[in-house]
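Below: one structure, written as structure tokens.
The values are calculated or read from the model by the stated rules, or taken from the named source; none is laboratory data. Nothing here was measured: the structure is a model prediction, and the numbers come from that model. Backbone-built Cβ (ideal geometry, glycine too); neighbour counts: all protein chains shown.
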Amino acid sequence: MHRIIQHPHDTLFRTVFRDLGEAQRLLEAHLPPTLAQALDWATLRLEETSFVDPALQESESDLLYTVQVQATAEPLHLYLLFEHQSTPDRWMRLRLLNYMGRIWDESFKAEPKQQQLRPIIPVVFYQGRSAWTYSTDLADLFPTVPGWDETLTPHVRHLLIDQSGMPPTAVVGGLKGQIAQLLLMAAMRAQAQAVLAQAVPLLAELVAVGGTDAHSTFFLYLFATQERALVLEVLEAVEEHQMQVGGDLVTYAEELIEEGLQKGLQEGRQEGKLEVIAQLLAAGTPWQIITQATGITPETFAALKAEVSRRTTNDPTAGSEQG
């Protein structure tokens, strides 16, 4: 099954913001202006790693970048943590400290003789249903202790991009980055239709400039997170912008079906094709698109499933892989 169907938020976030241009536009817009201006964005690069706890990967995604400071050419890290939960988490500050510790630990593998730690700018990206009300300073997690020396309290702050109450019109960034933010926002909000309306002209623009791969990602994400009727409304709205969306979607469906066909031929069975169609259906793909791409109707699909089932019943080894 396509990964975006199983892990839609994580896959969309990482797919879009692995693009350095999209990452720069997002971060440049939300970092403090003096800091954003001090960085040499031409040196921005992505580190191929993740530090999120495996148990939290359903609710968090992260991307680590390295960029140089213009004045000194010294590198620092930009750590972007996407929190795809409906409510804020008071312990985010502590987890961020743990993740930052892991980043520094990893740095010693590459530079075991380093004399200083590379600065990390932690940025939390949040789109929950309620506003982020917690402090961004780790020190605020500690109680007040009479006579305590405050210099002993660790102060580690993170930057916060809180889009929970942001109007869709205020979303900024590159083309794909804006679309991703709006689709993620729509998945979290009750009034998804109003948010998606803002994404329609951007999706149309993306199709116009030939963003086929990205468009396929957005298409799958919509079907994985929204009701089918609403997704079809969005596609119709994009078509009204005089773009050939239908053709692109059919082309993508054809690619998935062809993949299943080849798998079926290689394995000497029809299960490959049926499996891919089943995955498209599970993602909410309309039968109109599947039929247009493959010629298979719901009735034909049911008949093929029945045929495979009968063959498997009559010959239990028919469905096994050939070694």
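Points worth noting:
- Test result for Pro8, farther than 25 Å from Gln226 by Cα, in contact with a Ser or Thr (Cβ under 6 Å, 6 or more places away or on another chain) and touching a residue at least 40 places away in the same chain (Cβ under 8 Å): no
- Put simply, of Asp105, Asp53, Asp62, Asp19 the only residue that is farther than 22 Å from Ile161 by Cβ and of a type in the set (D, E, K, R) is Asp105.
- Exactly one residue out of Asp89, Asp62 is in contact with a Ser or Thr (Cβ under 7 Å, 6 or more places away or on another chain) and within 30 Å of Ala190 (Cβ to Cβ), and it is Asp62.
- Residue ID - nearest to Leu183 (Cα to Cα), chosen from residues in segment 75-124 that are hydroxyl-bearing (Ser, Thr, Tyr) and under 24 Å from the mean Cα position of the chain (by Cα): Ser86
- Test: residue in segment 202-220 that is surrounded by fewer than 17 Cβ atoms within 10 Å (Cβ to Cβ) and either at positive phi or within 15 Å of the chain's Cα centre (by Cα) (or both): yes
- Taking first residues from segment 34-56 that are over 16 Å from Phe17 (Cα atoms) and modelled with pLDDT under 95 and partners that are of a type in the set (Lys, Arg) and assigned to a helix (DSSP H, G or I), the Cβ contacts under 8 Å between residues at least 6 apart in sequence or on separate chains come to Phe51/Arg102; Asp53/Arg95; Leu56/Arg95.
- Where Ala73 falls short, out of the listed (1) surrounded by fewer than 13 Cβ atoms within 10 Å (Cβ to Cβ); (2) on the phi < 0 side of the Ramachandran plot: (2)
- Candidates Leu96, Leu78, filtered to the one that is assigned to a helix (DSSP H, G or I) and touching a strand residue (DSSP E or B) at 6+ places or on another chain (Cβ under 8 Å): Leu96
- Some residue of segment 183-194 being buried (at least 16 other Cβ atoms within 10 Å of the Cβ), under 28 Å from Phe125 (Cβ atoms), at pLDDT 65 or above and more than 17 Å from the chain's Cα centre (by Cα): yes
- Considering segment 1-16, the residues that are surrounded by 20 or more Cβ atoms within 10 Å (Cβ to Cβ) and out of contact with any strand residue (DSSP E or B) (no Cβ under 6 Å at 6 or more places or on another chain) include one that is modelled with the lowest pLDDT, namely Ile4.
- Subset of segment 132-177 (residues that are free of Cβ contacts under 8 Å to residues at least 12 places away in the same chain and assigned to a loop (DSSP other than H, G, I, E, B)): Phe142, Pro143, Thr144, Val145, Pro146, Gly147, Trp148, Asp149, Pro167
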